[in-house]
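This report refers to the structure that appears directly beneath it.
Just so you know, all these numbers are worked out from the coordinates, no wet-lab data involved. Nothing here was measured: the structure is a model prediction, and the numbers come from that model. Virtual Cβ from ideal backbone geometry, glycine too; neighbours counted across all protein chains shown.
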Amino acid sequence: MPLEPAAIPAVRFDNVTVTLNGVQILDGATAHVPRGSSTAIVGPNGAGKTTLLLCLLQQVSYGGRIDVQPAADGRPPRLGYVPQKLAFDRGMPLTVLEFLAMGCQRQPLWLGLRRRHRQRAADLLASVHAGGLARQPVGALSGGELQRVLLALALQQDPDLLILDEPTAGVDLRGEQLFCELLEGLRRERGFTQLMVSHDLATVMAHANHVICLNRHVAGEGPPHTVLTSAVLTAIFGAHMGLVATQAVPHTGDHGDGCEGHGHD
């Protein structure tokens, strides 16, 4: 079972509103991410899930307020981000180890790679169970392999808050399960707060301990087994999804219909 989150929030979203090209993407979204939690954002296509992450990353202008709390020791928090996709030239002659080492030392490859950065890259790959990919060309990686490399890159600054946008989209069921188990182990070991948009209902119930139900506004948030009821799912997905969801995921209580949706914003 996932660890219970601390009561202190790592992030607060307060009345976050986004309008792009005359279309309202987020409408007064208010929620929080408990410190140390594994928080999942769920909702249908176009619900604003990715947009909410981009607001947190200061990549999209928004109304309202987002507060990211200092780290436990009082310093400014470090953020790591794993995008759903990474656009790059798959023909570039760059190995996975070189790709990560460049991220660690933050200078062009033609200036050379220092030994300590190569070692740091190797350690990061080992931490995500991908040490065997070190000599592979980045462009030859499968979707699941690339996501592990992007996770390793996001971990290189030892983030206090790890943000992931559907990291297992396009990965098979077993690969998704292994990735989520890896994330849970890393969170327990490193103590970061995790905020992830996901697309698998059972995965959210198994690996998240806080959920935010979003469809432009927040319809509910809290522990998945108490929040993901048929009423909430109907409110954000429609009656058909509420019915399917309550039949698809085992009940954990009188009002604990655990489910989640799939969406790209």
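How far is it, in nm, from the label point at Ser142 to the one at Asn45 when both lie 7 Å from their Cα along the line to the Cβ?
Between Ser142 and Asn45, the simple spin-label model gives 2.6 nm.
Rounded, prolate or oblate: pick one for region 118-179, where a ≥ b ≥ c are the square roots of the eigenvalues of its C-alpha gyration tensor, a/c under 1.5 means rounded, and failing that, prolate if a/b is larger than b/c, else oblate.
Taking the square roots of the gyration eigenvalues as a ≥ b ≥ c, region 118-179 is oblate.
Mind checking the alpha-carbon convex hull of region 49-130 and giving the volume per residue in Å³?
167 Å³
Going by the alpha-carbon gyration tensor, a ≥ b ≥ c the square roots of its eigenvalues, is region 86-157 rounded (a/c under 1.5) or, if a/c is not under 1.5, prolate (a/b greater than b/c) versus oblate?
oblate
Taking the Cα-to-Cβ direction at Gln59 and at Ala122 and moving 7 Å from each Cα, how far apart do the two end points lie in nm?
3.2 nm
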